[in-house]
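The next block holds one structure in the form of structure tokens; read it before the comments.
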Amino acid sequence: MEVSSLPISASHRGKLISAGYTSLSSLSSVSPSHLAQVLKISENEAAGILKVASGRSGLDKIDHGSGAIMNGAQTAWDMLHEEESSLCITTSCSELDEILGGGIHCKEVSEIGGVPGIGKTQLGIQLAVNAQIPAHCGGFGGKAIYIDTEGSFMVERVLQIAEACAQDMLEYNNLLRKESQACRVDKQPKEFLDNIFYFRVCTYTEQIAVINFLDKFVSEHKDVKVVIIDSITFHFRQDFEDMALRTRLLSGMALKLMKLAKKFNLAVVVLNQVTTKYTEGSFQLTLALGDSWSHAATNRIILYWNGNERYAYIDKSPSLPSASAPYAVTRRGIRNSTSNSNKRHKLM
Amino acid sequence: MAPLEALERDYPLIDFNFRSFCASHTIFTVEDFLVHDLNALEGFAGREYAPEKLKQGIKQVVSIIESEHRPWLNGLELLEDAQVNKCTLSTGFERIDVLLQRGLCEGHVTELVGPSSSCKTQVCLKAASYVASKYMGKVMYFDTGNSFAPKRVAQFLSQSSDPTNPEVSKTVKQVMSRIVCHSIFDIFTLIDMLHQLMSDLKSQINCRVRMLIIDSLSSLIAPILGGGAHGHALMVTTGFLLKELAHEHNVSVVVTNHMVAGEAGISKPALGESWKSIPHVRLLLSRNHANNGSSVTILKHPCLATGKSTDFMVM
């Protein structure tokens with residue numbers, strides 16, 4: 001039944017099939033007014049159905065050039081060149097950047113998870129600030145979207161990190177002694193705050209609505225380079241009775257984020273919490289939201305404690321080998337871990 | 001099949017008289033026509049006004065239906081087709097080829113299932129690079145999770161070719177131009193793309209496609225499965241389209257699937273019981289954390305015994 005694979009509403013589909021229109025060829029010679037009469041729907045709706053059907057059968061008649069086999073496809077060679085010339089968002093910790101192959105890549109959804117207090121929100125804020133590093137310092141000069149579900153976004157901390165970033169950029173420029181210093185514009189810490197779009201969501205429906213809205217928002221603000229969702233788990237963990245519905249909603253959300261990342265060439269960073277799972281005879285710590293969600297992200301980075309130091313481990317990546325690197329959360333943000341200082345003393 | 005009035009334009013015998021005669025026997029669509037007793041219908045036609053024209057109309061509809069069904073084949077023709085048209089493609093991993101007795105067959109839908117980060121995407125990328133370099137023809141890669149890494153494909157190609165050969169970079173360009181990647185984010189787009197691919201192959205506009213990889217199919221089906229029967233129908237429709245594409249156009253189709261928790265904490269492949277019968281070959285991949293390698297087990301195969309497994313390493 002070819003009609004069942006068209007993207008039309010369930011009631012229209014039911015009416016079409018019961019009236020006998022089960023294949024696309026049967027719809028090719030029907031006028032909208034006749035269809036509206038037979039199915040007892042409005043003429044606009046009938047015209048919409050016929051448009052979708054002709055779009056599907058019209059694919060047969062598209063004239064292709066001798067090059068690409070289908071519209072919209074790219075060869076691997078073209079993609080390799082695109083990838084080589086693309087930038088990454090640095091995390092301000094050189095060891096972490098090294099294992100990530102330069103930083104957080106665009107066109108990918110990266111999932112970062114860890115126990116509470118490991119520094120997920122700090123990393124999210126650092127990335128939101130670093131996406132705005134201007135092009136003459138090796139960054140994107142773009143804006144950031146921060147979707148906060150837990151309420152852990154502290155503006156004073158963002159200001160602190162932004163000030164440290166501005167200071168670092170100043171030092172970098174002084175070191176290089178660029179000739180074009182006259183036309184270089186210093187970035188003020190307050191400007192960093194201006195370029196972060198902040199959304200606060202309080203229920204899972206709001207979260208889904210914001211993600212649906214992002215497509216329109218980003219097409220109006222084309223210089224957004226990173227979308228950070230902190231955290232994606234919070235509203236899906238408590239009070240969700242229908243697990244099958246949760247899986248469907250989460251998979252749908254993952255596909256929309258992937259589409260957003262690819263279409264607008266930005267990086268999507270999703271922060272996740274941990275849960276315990278019973279595998280191989282013992283309880284182990286894994287990321288929350290279940291098995292289906294673990295396939296939803298392109299990359300996965302797990303943050304964990306090793307003694308008194310924070311480490312990041314690449315758990316899943318299509319092109320990077322598994323590796324771990326230490327990092328530290330300092331007053332200035334995420335930085336390289338030094339062996340003695342900047343360790344947190346865990347409360348026993 | 002359409003209601004009978006849609007056929008009037010091309011077949012003038014099926015005119016208003018014929019249709020009102022059919023309507024008087026509650027036949028409105030071709031399906032109703034098929035389930036009706038045609039001898040009895042001819043008997044009734046004999047008693048009507050202008051019986052000859054009505055009987056001709058009945059014969060016309062029957063001939064339209066007969067032209068729609070697929071041709072009969074016998075075993076010998078199928079064997080010849082399998083030996084001549086459908087060759088076996090190597091995956092690029094020697095040990096997997098040995099396990100599968102030469103590799104992935106064209107005309108088969110192969111499913112790679114495994115928990116997260118068990119090298120499913122790596123196997124897909126390596127197979128794509130190997131098939132594109134060793135066999136003439138294109139490789140189509142449908143990517144749903146932005147995980148097609150051209151850097152990794154280039155790495156695989158430079159591993160398998162001779163590093164002292166100065167022609168290497170030219171051949172890498174040639175080979176990578178044969179791998180066509182498309183990003184797909186919902187099931188309806190996938191069905192559209194499959195139809196488009198089939199019509200392109202039918203009209204032979206371009207050179208042949210050797211392999212189609214969909215990574216991963218389960219992430220496209222997960223949002224629609226479970227909320228009523230429609231999601232299920234779409235999944236099965238997609239499965240049949242893939243099988244038709246594989247058989248008619250001699251393409252090896254590879255899809256990936258993920259695992260979900262089953263009873264007693266043992267994982268099972270996602271997409272449920274109805275999906276199990278659709279792929280021809282099902283391979284289970286798992287990561288061996290001790291030596292950083294992976295292992296593959298046969299879950300289902302038309303010619304080999306299930307349960308056989310082997311280890312392999314992704315470099």
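The values are calculated or read from the model by the stated rules, or taken from the named source; none is laboratory data. Because the structure is predicted, anything quoted here is derived from the model rather than measured. As a convention, Cβ positions derive from the backbone with ideal geometry for all residues, glycine included, and neighbour counts pool all protein chains shown. Areas reflect the complete protein model, heavy atoms only, side chains present, ligands, DNA and RNA absent. Shrake-Rupley method; radii C 1.70, N 1.55, O 1.52, S 1.80 Å.
Kindly indicate which of B:F142, B:F148, B:F156 is in a helix (DSSP H, G or I), at pLDDT 85 or above and within 30 Å of A:A267 (Cβ to Cβ). From the options B:F142, B:F148, B:F156, the qualifying one is B:F156. Filter segment A:18-50 down to residues that are among the aliphatic types (A, V, I, L, M), modelled with pLDDT under 80 and not in a loop (DSSP other than H, G, I, E, B) and give me whichever is most open to solvent (accessible area, probe 1.4 Å). Applying the filter and picking the extreme gives A:L24.
Would you pick out the residues in segment B:204-227 that are out of contact with any His (no Cβ under 9 Å at 6 or more places or on another chain), more than 26 Å from A:L245 (Cβ to Cβ) and without any contact (Cβ under 8 Å) to a residue 40 or more places away in the chain? If the condition is that a residue be out of contact with any His (no Cβ under 9 Å at 6 or more places or on another chain), more than 26 Å from A:L245 (Cβ to Cβ) and without any contact (Cβ under 8 Å) to a residue 40 or more places away in the chain, then B:Q204 is the only one that fits. Residues in segment A:230-252 that are part of a loop (DSSP other than H, G, I, E, B) and either under 18 Å from A:A297 (Cα atoms) or open to solvent by 70 Å² or more (accessible area, probe 1.4 Å) (or both): 7 in all. In segment B:170-193, the condition of being within 8 Å of chain A (Cβ to nearest Cβ), open to solvent by 40 Å² or more (accessible area, probe 1.4 Å), under 17 Å from B:S219 (Cβ atoms) and out of contact with any helix residue (DSSP H, G or I) (no Cβ under 6 Å at 6 or more places or on another chain) is met by at least one residue. The residues of segment A:255-298 that are open to solvent by 20 Å² or more (accessible area, probe 1.4 Å), in a loop (DSSP other than H, G, I, E, B) and farther than 16 Å from A:K316 by Cβ, listed by number, are A:N265, A:Q273, A:E280, A:G281. Tallying residues that are farther than 25 Å from B:D143 by Cβ and either in contact (Cβ under 8 Å) with a residue 24 or more places away in the chain or away from chain B (no Cβ under 12 Å) (or both) within segment A:285-322 yields 12. Once segment A:299-323 is narrowed to residues that are among the small types (G, A, S) and buried (at least 18 other Cβ atoms within 10 Å of the Cβ), the residue that is farthest from B:Q155 (Cα to Cα) is A:A312.
Figure legend. Inter-residue proximity from segment B:20-35: first residues closer than 14 Å to B:L7 by Cβ, second residues not in a helix (DSSP H, G or I), beta-carbon distance below 6 Å, spacing 6+ or different chains. Indicated pairs: B:I27/B:H36; B:F28/B:P3; B:T29/A:G20; B:T29/B:P3; B:V30/B:M1; B:E31/B:M1; B:F33/B:I27. Filtered by the rule that a residue be at pLDDT below 80 and touching a helix residue (DSSP H, G or I) at 6+ places or on another chain (Cβ under 7 Å), segment A:65-84 gives A:I69, A:M70.
Taken over segment B:25-64, residues that are open to solvent by 40 Å² or more (accessible area, probe 1.4 Å) and within 14 Å of chain A (Cβ to nearest Cβ) amount to 6.
Please tell me if A:L87 is at pLDDT below 90 and either crowded, with 20+ Cβ neighbours inside 10 Å or not charged (D, E, K, R) (or both). So A:L87 fits the description; yes. Here B:A149, B:A154 are screened, and the one residue that is touching a Pro at 6+ places or on another chain (Cβ under 6 Å), free of Cβ contacts under 8 Å to residues at least 40 places away in the same chain and either within 12 Å of chain A (Cβ to nearest Cβ) or open to solvent by less than 10 Å² (accessible area, probe 1.4 Å) (or both) is B:A149. Inclusion of B:V62 among residues that are modelled with pLDDT of 80 or more and farther than 24 Å from A:S18 by Cβ is warranted. Residues that are touching a residue at least 12 places away in the same chain (Cβ under 8 Å) and touching an Asp or Glu at 6+ places or on another chain (Cβ under 9 Å) number at least 1 in the following helices (runs of 4 or more DSSP H) confined to segment A:75-171: A:120-130. Counting the residues of segment A:260-278 that are over 24 Å from A:T91 (Cα atoms) and either facing chain B (nearest Cβ under 9 Å) or of a type outside the set (S, T, Y) (or both) gives 2. Candidates are the residues of segment B:65-86 that are part of a loop (DSSP other than H, G, I, E, B) and free of Cβ contacts under 8 Å to residues at least 60 places away in the same chain; the one that is nearest to the chain's Cα centre (by Cα) is B:R70. State whether one or more residues within segment B:281-294 are surrounded by fewer than 19 Cβ atoms within 10 Å (Cβ to Cβ) and touching a residue at least 40 places away in the same chain (Cβ under 8 Å). Yes, segment B:281-294 has at least one match. Tell me which residues, restricted to segment B:95-122, are open to solvent by less than 10 Å² (accessible area, probe 1.4 Å) and within 12 Å of chain A (Cβ to nearest Cβ). Within segment B:95-122, B:V113, B:G114, B:S118 meet the criteria.
When restricted to residues that are away from every other protein chain (no Cβ under 12 Å) and either without any contact (Cβ under 8 Å) to a residue 40 or more places away in the chain or surrounded by fewer than 18 Cβ atoms within 10 Å (Cβ to Cβ) (or both), segment B:248-274 contains 4. Across segment B:196-208, the number of residues qualifying as within 7 Å of chain A (Cβ to nearest Cβ) and open to solvent by less than 50 Å² (accessible area, probe 1.4 Å) comes to 5.
Where strands (runs of 3 or more DSSP E) sit wholly within segment B:211-315, those with at least 3 residues that are of a type in the set (A, V, I, L, M) and within 21 Å of A:R248 (Cβ to Cβ) occupy B:259-261. So which residues in segment A:239-259 are touching a strand residue (DSSP E or B) at 6+ places or on another chain (Cβ under 8 Å) and more than 9 Å from chain B (Cβ to nearest Cβ), if there are any at all? Within segment A:239-259, A:L257 is the sole residue that qualifies.
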